[in-house]
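The values are calculated or read from the model by the stated rules, or taken from the named source; none is laboratory data. Because the structure is a prediction, the values reported are computed rather than measured. Positions of Cβ are generated from backbone atoms using ideal geometry, with glycine treated the same way; all protein chains shown enter the neighbour counts. To get the accessible areas, we keep the full protein, side chains included, count just its heavy atoms, and leave off ligands, DNA and RNA. Shrake-Rupley method; radii C 1.70, N 1.55, O 1.52, S 1.80 Å.
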Amino acid sequence: MAALCEAFTLCGLGPSGGVGQGGGVLALEPGPGPDHVLLTDRGRTATLFKVSDQKPLGCWSVKHGQIITSPVVCNFETHEYIAVHDDKVLRIWKDEDVNLDKVFKATLSADVYRIHSLPHGDPLVLFKGGGVRTLDVLLEAPQQEIENIISDEVIKWSEAFLEGQQPVLIFITEKDGDFFVYVQKLKMNSLHKYKLEQQESSSPLSFTAYIRKQIITLLCLYSNDSVYKVLIPLQQNGEGEEQILSKSLLLNLSISGSVLKGTSLVVIDKDHVAVLGSLAASGEESKECLTIWNTKFQTLQTSKELPLGTSGQLWCYGEKFFFTHGKVLTVVIYKCETSSLAAAVGKLKDSQASDISSFVNWNTLEDEERVVSFQPQQSAALKSESKMTLRSRRNSVAKAQPDAFKVGQILLNIKDTSAAVIEDELRQLLLKAQIPDFQATIGCVITALINRCKTDPVFYPRNFLLQMVQKRELSYSLCPDLMAVALEKKDVHLLQICLQRFPDIPEEITYACLKVFLSISDDYLERTDVNLESVICYIDIEPKNKELKTEVVENGFNTELEEDSCDNRVLKETHTTNDGEFCPVGPRKAALLNAVLHSAYSETFLLPHLKDLSAQQAVLFLRYLYYLYVKCSEKINTTLPGMLSPTINQIMDWMCLLLDAHFTVMVMLPEAKGLLSSLHKFVRAQVRFYSELNKIEGTLRELQRIKRQKDSQAYSIEVLELI
């Protein structure tokens, strides 16, 4: 049985998305860790992502005018990254490297088709002429001559495997409509060439392969909507003559009168494949979708519609599918169990039952019944003990099964039951339920609630959702539509808690929260619940009749002493709002903005969204950041009091990011002139202050090294001369 579970966005693509600016995705390769992938675009950039956090860990680009022509791969032996740009230039670097111009470079003598990285072996370099070298051998003499094995043939696909300790490379070429398969075993220096059996009036579109027990199983997706299987044994005596590989029909991509026009194919296990393509029915418009098929029983297990369209590319790593969907790279988690006839047939039943069946182990009682009749010749004592054990196990099963059934029943009730009744049932369940995979269960429950919210505007179980976010270790990817619904409802309290607790919020959602918080009125916020723990200890509310005053703060900064005489008139006009003495927003809005400051983000992906803030919103946000900056600087340890208060680094990072996004607007706005002037003078004063501290740093260190003389007298005078 196979199922497609939650989906989430890994990153944006295209000019506004930050990656994939070269015209799409070139390839996706596994990264150095099990949760990492390497994305190479059709241009100059490669990005390393941590999938579960939806965050980039590193990004590298070649110079303008250069193009990455072979996907970036990870050398798992050395934890280095390898890329080829402009067909012949090899680059190798590590995580800490930033500028690819300064990393290792080697110019090769022939054009590279692709580099294949192996989990426990040296990477293999496949050249466009069919020659293959291990990376170590190639680096010994980068300009070594590479043989041209294929003539007038074009490589269409390649893959590498490890069979025992033996690296094996397979690649497929095409010439005049004929397809050829090459299998090379590097340690034995053997190369075998085969010709793929032709299929009348159709041609292969996609290939995938796996190796098992010295046999390569090659799967070919053809244009006649079928998948064929080709078996290639590794044990061959000598190179011999070119052989013709016969193929057998593995799967026909049609069901209930609909035909799947596949574009990409990946293997999940020996009985399941995933196909990306367009599902077309007679008289209906075709719909792009991702499907999982059972090849053993010729059944469609599950499918997911992709209304925004795809590029036709599909990758599969770590029980996750990766594909482009519209202008984003989407990740879909899947589950695939061992193939059985019951699962294959059962999948064809009403899909509504899947919500319940995922929480119930239907085979539990069957397993217990087998225990009863396990050994009919056993002694009476053993029989008695066996029955006692069986009863205890049945009791535990009976205790767990009602909870599992109840979750499934609640999922069905969510569709048409009132919010109060559902909340009461869920609270009772959470108090006493012992449910396996509890986080996944809560994720499914929240997803069902959010789906009901989308279809029923009146339905909104706010209290339960708030309780779940506050008390459970949830994440954005576990319930991706939760914050979208909260934004639509303007539920600022729920958004605040999500920003504080979710570690994987996309930058687009973070920006949407910021925009809502800045635009919402203080009168509306007065009527809402907001957690004020992050502001209650330091915020100063601006009084209606405020007198200008100067305060000497702990770090030596004094506003009036640092003002230039030529700027006195401007500052006096703007001092009442721009000097950072009083908070420009109310405490509730300040607490919401603090939650945004705590949210993790990538500058590359957040900056384009920040540019969409209006000028008034940008100025208000900068005034608040300036106020926080002044407040932090008043303290010796530059730390604001209170729970979840923003740090000085978070404040400065956001301030720089906001100025980068709106610098031209800030310079041109008259109302921002005083703010920028005050900010400039405050920063300049701090630079002077720390500069003076640096001047006496050497003297202070020298004083620390002077050992005080131990004197038993009660009173003494010591004179130290500073030079």
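Consider segment 641-679. How many of its residues are touching a residue at least 60 places away in the same chain (Cβ under 8 Å), touching an Asp or Glu at 6+ places or on another chain (Cβ under 7 Å) and under 25 Å from V535 (Cα atoms)?
Count: 4.
Please enumerate the residues belonging to segment 199-209 that are surrounded by 13 or more Cβ atoms within 10 Å (Cβ to Cβ) and not in a strand (DSSP E or B).
Listed by number, the residues that qualify are Q199, S202, S203.
Checking the condition open to solvent by less than 40 Å² (accessible area, probe 1.4 Å) and either at pLDDT below 50 or over 30 Å from L487 (Cα atoms) (or both), which residue from N594, N568, N555 passes?
Values: N594 fails: either at pLDDT below 50 or over 30 Å from L487 (Cα atoms) (or both); N568 fails: open to solvent by less than 40 Å² (accessible area, probe 1.4 Å).
Of N594, N568, N555, the one residue that is open to solvent by less than 40 Å² (accessible area, probe 1.4 Å) and either at pLDDT below 50 or over 30 Å from L487 (Cα atoms) (or both) is N555.
Let's see how each residue does on (1) part of a helix (DSSP H, G or I); (2) open to solvent by 70 Å² or more (accessible area, probe 1.4 Å); (3) within 30 Å of D612 (Cα to Cα):
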| site | (1), (2), (3) |
| --- | --- |
| M666 | yes, no, yes |
| E671 | yes, yes, yes |
| G674 | yes, no, yes |
| S677 | yes, no, yes |
| F682 | yes, no, yes |
| Q686 | yes, no, no |
| Y690 | yes, yes, no |
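So is V267 in contact with a Phe, Trp or Tyr (Cβ under 7 Å, 6 or more places away or on another chain), surrounded by fewer than 20 Cβ atoms within 10 Å (Cβ to Cβ) and among the β-branched types (V, I, T) or not?
In short, yes.
Residues that are in contact (Cβ under 8 Å) with a residue 24 or more places away in the chain and open to solvent by less than 20 Å² (accessible area, probe 1.4 Å): which helices (runs of 4 or more DSSP H) entirely in segment 438-538 hold 3 or more of them? Step through it out loud before you land on a result.
On the way: elements: 438-455, 462-471, 482-489, 492-501, 507-519, 522-526.
Once the helices (runs of 4 or more DSSP H) in segment 438-538 are filtered for at least 3 residues that are in contact (Cβ under 8 Å) with a residue 24 or more places away in the chain and open to solvent by less than 20 Å² (accessible area, probe 1.4 Å), what remains is 438-455, 462-471, 482-489, 492-501, 507-519.
Any chance segment 599-606 includes a residue that's in a helix (DSSP H, G or I), touching a strand residue (DSSP E or B) at 6+ places or on another chain (Cβ under 8 Å), more than 11 Å from L658 (Cβ to Cβ) and open to solvent by 10 Å² or more (accessible area, probe 1.4 Å)?
yes
Can you tell me which residue within segment 170-188, out of those that are of a type in the set (A, V, I, L, M) and assigned to a strand (DSSP E or B), is nearest to L118 (Cα to Cα)?
Ranking the qualifying residues of segment 170-188, first place goes to I170.
Only residues that are among the hydrophobic types (A, V, I, L, M, F, W, C) and surrounded by fewer than 19 Cβ atoms within 10 Å (Cβ to Cβ): list them for segment 93-109, please. If you could, list the steps in order and put the result at the bottom.
In the first step, residues of segment 93-109 are kept if they are among the hydrophobic types (A, V, I, L, M, F, W, C); the result is 93, 98, 100, 103-104, 106, 108.
Result: V98, V103, F104, A106.
If we keep just the residues of segment 225-235 that are modelled with pLDDT under 90 and open to solvent by 50 Å² or more (accessible area, probe 1.4 Å), which is farthest from the chain's Cα centre (by Cα)? Break it down into steps so the answer makes sense when it comes.
Of all residues in segment 225-235, those modelled with pLDDT under 90 come to 225, 233-235.
Adding the requirement that they be open to solvent by 50 Å² or more (accessible area, probe 1.4 Å) leaves 233, 235.
Details: P233: 39, Q235: 42 Å.
Going through the qualifying residues, I end up with Q235.
Hey, does segment 123-146 have a residue that's touching a residue at least 40 places away in the same chain (Cβ under 8 Å), open to solvent by less than 70 Å² (accessible area, probe 1.4 Å) and at positive phi?
Yes - at least one qualifying residue is present in segment 123-146.
What is the number of the single condition among (1) touching a Ser or Thr at 6+ places or on another chain (Cβ under 9 Å); (2) modelled with pLDDT under 80 that W315 does not meet?
Condition not satisfied by W315: (2).
Considering only strands (runs of 3 or more DSSP E) fully contained in segment 78-143, which possess at least 2 residues that are among the hydrophobic types (A, V, I, L, M, F, W, C)?
Strands (runs of 3 or more DSSP E) meeting the threshold: 80-85, 89-93, 104-107, 112-116, 124-127.
Within segment 607-640, which residues are open to solvent by 10 Å² or more (accessible area, probe 1.4 Å), hydrophobic (A, V, I, L, M, F, W, C) and either without any contact (Cβ under 8 Å) to a residue 40 or more places away in the chain or part of a helix (DSSP H, G or I) (or both)?
Within segment 607-640, L607, A615, V619, L620, V630 meet the criteria.
With P167, P71 as the choices, which residue is within 28 Å of L218 (Cβ to Cβ), in a strand (DSSP E or B) and open to solvent by 10 Å² or more (accessible area, probe 1.4 Å)?
Working: P71 fails: open to solvent by 10 Å² or more (accessible area, probe 1.4 Å).
P167 is the lone residue from the list that is within 28 Å of L218 (Cβ to Cβ), in a strand (DSSP E or B) and open to solvent by 10 Å² or more (accessible area, probe 1.4 Å).
For the subset of segment 176-198 comprising residues that are of a type outside the set (A, V, I, L, M) and free of Cβ contacts under 8 Å to residues at least 24 places away in the same chain, which member is least open to solvent (accessible area, probe 1.4 Å)?
D178
Those residues that are aliphatic (A, V, I, L, M), over 18 Å from V137 (Cβ atoms) and either in contact with a helix residue (DSSP H, G or I) (Cβ under 7 Å, 6 or more places away or on another chain) or modelled with pLDDT under 90 (or both), I need them from segment 99-114; list them, please.
Correct list: L100 only.
Is there a residue being at pLDDT 80 or above and closer than 24 Å to A590 by Cβ anywhere in segment 684-707?
Looking for residues that are at pLDDT 80 or above and closer than 24 Å to A590 by Cβ, one finds none in segment 684-707, hence no.
Out of the residues in segment 147-158 that are more than 19 Å from H116 (Cβ to Cβ) and among the polar types (S, T, N, Q), state the one that is surrounded by the most Cβ atoms within 10 Å (Cβ to Cβ).
Filtering first and then ranking leaves N148.
Mind listing just one residue for me: the one in segment 413-437 that is open to solvent by 60 Å² or more (accessible area, probe 1.4 Å), in a loop (DSSP other than H, G, I, E, B) and not polar (S, T, N, Q) and, of those, modelled with the highest pLDDT?
For segment 413-437, the residue satisfying everything is K415.
Assess whether I215 counts as being closer than 30 Å to L191 by Cβ and open to solvent by 50 Å² or more (accessible area, probe 1.4 Å).
Judged against the criteria, I215 is a match.
Let's see how each residue does on (1) farther than 25 Å from E29 by Cα; (2) not in a strand (DSSP E or B):
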{"position": "I211", "(1), (2)": "no, no"}
{"position": "T217", "(1), (2)": "no, no"}
{"position": "V227", "(1), (2)": "no, no"}
{"position": "Q235", "(1), (2)": "yes, yes"}
{"position": "I244", "(1), (2)": "yes, no"}
{"position": "V259", "(1), (2)": "yes, no"}
{"position": "G262", "(1), (2)": "no, no"}
{"position": "V275", "(1), (2)": "no, no"}
{"position": "E288", "(1), (2)": "no, no"}
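What do you reckon, is I82 over 21 Å from the mean Cα position of the chain (by Cα), under 18 Å from G33 (Cα atoms) and either without any contact (Cβ under 8 Å) to a residue 40 or more places away in the chain or surrounded by 18 or more Cβ atoms within 10 Å (Cβ to Cβ) (or both)?
yes
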